[in-house]
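Peer 1: Sending over a structure as structure tokens; questions will come in a sec.
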Amino acid sequence: MQAGIINPFHFFYHQGNWHVINVEAMTAGIIEENAVPVLKKAAFEPKSIFTAQEQELLNKMDLLSENGMQTRKEKNQKNAPIVSMALFITQSCNLRCIYCYGNGGEYGTRGNMEEKTAYQAVDWLAEKSGKAAKINITFFGGEPFLNFTLMAKVVKYAQKIAREKHKEVVFDVTTNATLLDDEKISFIKEHGINVMVSIDGPKEIQDVQRPYANGEGSYDSIVPGIKKLLAVSPETPAHAVIVGDTDPHPVRKSLQELGFKSTSIMPFSKPLLESDYENLDRNFLGIWAKLDQEAEMWIKNVKNRDSGSLRRLMSNSQLYSGLLCLMHKRKRHYPCGAGTKVVGVSCQGDVYLCHRFVGMEEYKLGSIFNKHLDMGDYAKSPIEYVEQCRNCFARYYCSGGCKYDNASSCGSAFSPSLKMCKLRCRELELAAYISCILDEKDCSFLSEQKIIPRKPCPLDFG
């Protein structure tokens, strides 16, 4: 293989047919059995021009992008503006989740953020965001509502600074829902704060995985507040963590029964900070087993023109992101903004790669009390220099994976977890399978119903 040249096609067999993904073009197609040997030969021979037979097959399938092989263009966000920060207004928590990556929410240094530090963090973000029109502040902990007084002050101060800088400021909060009451819910509604509720599913799972510090279960105490919140903010999403081989289906079902329209489920990552639960089982079988079933649900609901079921599926999908990438022919070079556009800020004002790394010196980038941040290799796209990613067919979908999950699984933020790689690759294969089954009318229906939004025009600025 020539230096700088990548294998542009990935073949996989599913439901009686061979499928192919054009990695660089982010398109997919079904191929005839007798064409497979020819296309495999075309995909993996180190040459830049195909034979007439290969060219004819590829053109017929509309899968050829230029000559099918492209050299990489290095992606680097070293000077990208920082537009979002997770602000740790407290490093303490009233729960003791068994998989907590923050060591009981303390992140190595228990305490609350001082008012002057919080204001300095807002000023720092406003400056670091440069000409960006919008900035985001996510209140984090621990449990951020333990320091609700400071949260309210920061919202008021940040709105003032945003007006002065002619920016829009958006607020988010991630909460365990234990402290949600009428006062806090009114505050959330008044200021349009986006809430993410961390809850692991039905009572029997929630009480085991997310108990109070005294060992008591938390499910019964959080349900009333959640229902009040959903009454005024019905689009509030829930996030659940899977431990062991827990079946994600009853977890998702229980969250939907509580009233959550949108849910996300992820397997836990081994804590990097000291933890009493370092030997918890990490098993993807439960999530993996549901992927094929979800793919068939997508196809069935589209063919039946069942927009209601599709919207519910979209909000709780493992495959939706892959569908968007393929239908929009979108290539992602970064898995998230960690270390480039997004940072975590500790109670002391230290700046970290993201909220999950707070308290870990080796992932500290700098401080809000000085202008310089040491981004190092984090500003580079993993696709350019991480060996496992360079020739992976899912590179423009996965983009190197969560840096924290990488570090907790393999000891380095730049070494992807093999288990997670396999999961992401399978997600993209099944998304490609779905896109191959859908015809032009199906795609138009998805667009009309805003299930799959129209592809953004490159001339749309804003």
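The values are calculated or read from the model by the stated rules, or taken from the named source; none is laboratory data. Model, not experiment: these values are computed from the prediction. Cβ coordinates were reconstructed from backbone atoms using ideal geometry, including for glycine residues, and neighbour counts include every protein chain displayed. Side chains are part of the model used for accessible areas, which takes the heavy atoms of the whole protein and leaves out ligands, DNA and RNA. Shrake-Rupley method; radii C 1.70, N 1.55, O 1.52, S 1.80 Å.
Peer 1: Inside the stretch 147-184, can you point out the residues that are part of a loop (DSSP other than H, G, I, E, B) and touching a helix residue (DSSP H, G or I) at 6+ places or on another chain (Cβ under 8 Å)?
Peer 2: Of all residues in the stretch 147-184, those part of a loop (DSSP other than H, G, I, E, B) come to 166-167, 176-181.
Lys167, Asn176, Ala177, Thr178, Leu179, Leu180, Asp181 - these are the residues of the stretch 147-184 that are part of a loop (DSSP other than H, G, I, E, B) and touching a helix residue (DSSP H, G or I) at 6+ places or on another chain (Cβ under 8 Å).
Peer 1: Same structure, new question: For Lys167, which of the numbered conditions (1) within 22 Å of Arg356 (Cβ to Cβ); (2) in contact (Cβ under 8 Å) with a residue 40 or more places away in the chain fails to hold?
Peer 2: (1)
Peer 1: Looking at the stretch 397-414 only, could you name the residues that are in contact (Cβ under 8 Å) with a residue 40 or more places away in the chain and more than 14 Å from the chain's Cα centre (by Cα)?
Peer 2: Ala407, Ser408, Ser409, Ala413
Peer 1: Go through the stretch 236-275 and give me each residue that's part of a loop (DSSP other than H, G, I, E, B) and at pLDDT 95 or above. Give the steps one after another, and end with the answer.
Peer 2: Residues of the stretch 236-275 that are part of a loop (DSSP other than H, G, I, E, B), as a first pass: 236-237, 243, 245-247, 259-262, 268-275.
Thr236, Pro237, Gly259, Phe260 - these are the residues of the stretch 236-275 that are part of a loop (DSSP other than H, G, I, E, B) and at pLDDT 95 or above.
Peer 1: Further, regarding this structure: In the stretch 424-437, is there at least one residue being touching a Cys at 6+ places or on another chain (Cβ under 8 Å) and not in a helix (DSSP H, G or I)?
Peer 2: no
Peer 1: Follow-up. Checking Ser417 against (1) among the small types (Gly, Ala, Ser); (2) surrounded by 22 or more Cβ atoms within 10 Å (Cβ to Cβ); (3) in contact (Cβ under 8 Å) with a residue 60 or more places away in the chain: exactly one of these is not met. Which one?
Peer 2: (3)
Peer 1: May I pose another question? Would you mind stating whether Thr246 is closer than 20 Å to Asp200 by Cβ, open to solvent by less than 30 Å² (accessible area, probe 1.4 Å), in contact (Cβ under 8 Å) with a residue 24 or more places away in the chain and not charged (D, E, K, R)?
Peer 2: Values: closer than 20 Å to Asp200 by Cβ: yes; open to solvent by less than 30 Å² (accessible area, probe 1.4 Å): no; in contact (Cβ under 8 Å) with a residue 24 or more places away in the chain: yes; not charged (D, E, K, R): yes.
No: the conditions fail for Thr246.
Peer 1: Let me ask something else about it. Which of (1) open to solvent by less than 50 Å² (accessible area, probe 1.4 Å); (2) out of contact with any Pro (no Cβ under 7 Å at 6 or more places or on another chain); (3) part of a loop (DSSP other than H, G, I, E, B) is the odd one out, the single condition Lys450 does not satisfy?
Peer 2: Condition not satisfied by Lys450: (1).
Peer 1: Going by the structure shown, is Tyr397 at pLDDT 90 or above, within 21 Å of Trp298 (Cα to Cα) and surrounded by 19 or more Cβ atoms within 10 Å (Cβ to Cβ)?
Peer 2: Spelling it out, Tyr397 is indeed at pLDDT 90 or above, within 21 Å of Trp298 (Cα to Cα) and surrounded by 19 or more Cβ atoms within 10 Å (Cβ to Cβ).
Peer 1: Tell me, yes or no, whether the stretch 432-440 has at least one residue that is surrounded by fewer than 20 Cβ atoms within 10 Å (Cβ to Cβ), closer than 20 Å to Ser317 by Cβ and β-branched (Val, Ile, Thr).
Peer 2: yes
Peer 1: Same structure, new question: Within the set of pairs 6+ apart or on separate chains, which have a first residue in the stretch 294-306 that is at pLDDT 95 or above, a second that is aromatic (Phe, Trp, Tyr), and C-beta atoms under 8 Å apart?
Peer 2: The qualifying pairs are Ala295/Tyr433; Val302/Phe445; Arg305/Phe445.
Peer 1: May I pose another question? State whether the residues of the stretch 292-314 include one that is closer than 20 Å to Gly400 by Cβ and either under 16 Å from the mean Cα position of the chain (by Cα) or open to solvent by less than 30 Å² (accessible area, probe 1.4 Å) (or both).
Peer 2: No.
Peer 1: Could you list, in sequence order, all residues of the stretch 348-363 that are surrounded by fewer than 18 Cβ atoms within 10 Å (Cβ to Cβ) and closer than 26 Å to Arg332 by Cα?
Peer 2: Residues of the stretch 348-363 surrounded by fewer than 18 Cβ atoms within 10 Å (Cβ to Cβ): 348, 360-362.
Within the stretch 348-363, no residue meets the criteria.
Peer 1: Out of the stretch 105-126, which residues are of a type outside the set (Gly, Ala, Ser), in contact (Cβ under 8 Å) with a residue 24 or more places away in the chain, farther than 16 Å from Ala152 by Cα and open to solvent by 40 Å² or more (accessible area, probe 1.4 Å)?
Peer 2: Hits for the stretch 105-126 are Glu106, Thr109, Asp123.
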